[in-house]
Amino acid sequence: MRMTFRWYGEKDDKITLQEIQQIPGMDGIVGALFDVPVGAAWPVEPLMAIRKQAEAHHLVFKDLESINVHEDIKLGLPSRDQYIENYIMSLRNAAKAGIEMVCYNFMPVFDWTRTDLAKPLYNGSTVLSYDYHLIAGKTPQDMAKEIIDNSNGFILPGWEPERLTELSSLFEQYAGMDEDGLRRNLEYFLKAVVPVAEECGIKMAIHPDDPPISVFGLPRIVKNEKDLDKIAAMVDSESNGFTICTGSLGSNLQNDIPHIIRKFGKQKRINFMHVRNIQVHEPWVFNEVAHKSKYGSLDMFEIMKALYDIDFDGPIRPDHGRMIWDEEGRPGYGLFDRALGANYLCGLWDAICRICGQK
Ligand SMILES: [Mn+2]
């Protein structure tokens, strides 16, 4: 496996490449171009520039998260064909810059949703959390405003203030779209982009819905094993694969993550791993926790063992971390707890390899 760390770039991340390089076991960064508008084609040069910066710190840059899918593609509007052409251009350019994996999601309107970005835990650390009770009675605008106001001044991917001014019209456009309708639009997109991804050596990796349940009545199509089956069947290619985000899928305890890893690993469809732990209190009430198994509802040993069993050799990253040791930063994306998380995952991996045979 390739241990990676999400990096927002020199301009937008106060964490430096040198700090990332100093984390034991770190192989590379997961990056993106944050100043290209959603829907436009990504140029090669800035990707090459990130690669050079990474390599100067002995880190590889082979993984993108995310090239976002324009809303018109998800809505299936006639304008989608132009946006798909642009997406294809982004893939070709990414390949030229040495990219091998592209994460994306297909969530209407909201990339991810939380009700608190800094819920205090008993030990003074703070975490992201979700409680469906707190959404009841709120409008999407109320929730968007809360998230933007509590983001410590950072622009959070998916929650760009200018995009959210269009919130009402977006909701109107989605009125009447059900899961099958959204699924048809994903299939149309995949049939166009996956052959190109395959041709240029890129593995696409759709991220599960976060949380994997309908929010504000919007359709959600990446919630569970059944949904993943349907997506895998849309285009039969290893380039049509998944990001298995343990914290997203795992917030529904019906989702058996080690089973899902083994099943889709056999089909060579697991192209990216996000590993984090969460504590589920009741259905759709959960908060993020430290990565270590004992603090949450997920069994990290079983998850890493499943990855070992499928000979996983793709990129993996610690997902959101807590804010600890007075660090201030982008919610979920501080340095300290993600570094601890990476180290814990590397420790589990080393132990599994020692006992079961080196891979
Ligand atoms: Mn994730």
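Just so it is clear, none of the values below were taken in a lab; they were calculated from the coordinates. What you see is a predicted model, and the numbers here were worked out from it, not measured in a lab. Cβ placement follows ideal geometry from the backbone for every residue including glycine, while neighbour counts extend to all protein chains displayed.
Could you tell me whether region 2-356 comes out rounded, prolate or oblate from its Cα gyration tensor? Rule is a ≥ b ≥ c as square roots of the eigenvalues, rounded for a/c under 1.5, then prolate if a/b exceeds b/c, otherwise oblate. Walk me through the numbers on the way to the answer.
On the way: a/c = 1.24, a/b = 1.08, b/c = 1.15.
Rounded shape, in that the Cα axes give a/c under 1.5.
If the cut-off is a Cα-Cα distance under 16 Å, which lysines reach residue 305, setting aside same-chain residues fewer than 8 apart in sequence?
Those lysines meeting the cut-off are 263, 266, 292, 359.
Please give the residues of region 300-316, grouped as numeric ranges, whose backbone N is less than 15 Å from a label point set 7 Å along the Cα-to-Cβ vector of residue 266.
306-307, 309-311
When we measure straight from the Cα of residue 52, which aspartates and glutamates land under 15 angstrom away, once same-chain ones fewer than 8 places off are left out?
10, 27, 63
Could you work out the helix-only [θ] at 222 nm for the chain, with each DSSP H run of four or more residues adding -39,500 (n - 2.57) and the total divided by the number of residues, to the nearest 500 deg cm²/dmol?
-12000 deg cm²/dmol
Provide the percentage of antiparallel DSSP beta bridges, counting only those with both residues in the chain; round to the nearest 5.
For the chain, the DSSP antiparallel bridge percentage is about 30.
Return 79, 125 ranked ascending by Cβ neighbour count within 10 Å, so the fewest neighbours appear first.
79, 125
May I ask you to list the chymotrypsin sites (Phe, Trp or Tyr not before Pro) in region 276-345 that are in a DSSP loop and have at most 16 other Cβ atoms within 10 Å of their Cβ? Don't jump to the answer; show the numbers that get you there.
Working: sites: 284, 286, 295, 301, 308, 312, 325, 333, 336, 344; in loops: 284, 312, 325, 333.
Those that pass, being in a loop and sparsely packed, are 325.
Normalised by the empirical 2.2 N^0.38 Å for globular proteins, what value does the Cα Rg of region 206-301 take?
1.06
Starting from the amide H of residue 333, placed 1.01 Å from N in the peptide plane, find each other amide H under 5 Å away whose residue is 5 or more places distant or on another chain.
The answer is 321.
Short version: what are the Cα gyration tensor semi-axes of region 128-246, square root of 5 times each eigenvalue, largest first, in whole Å?
29, 17, 15
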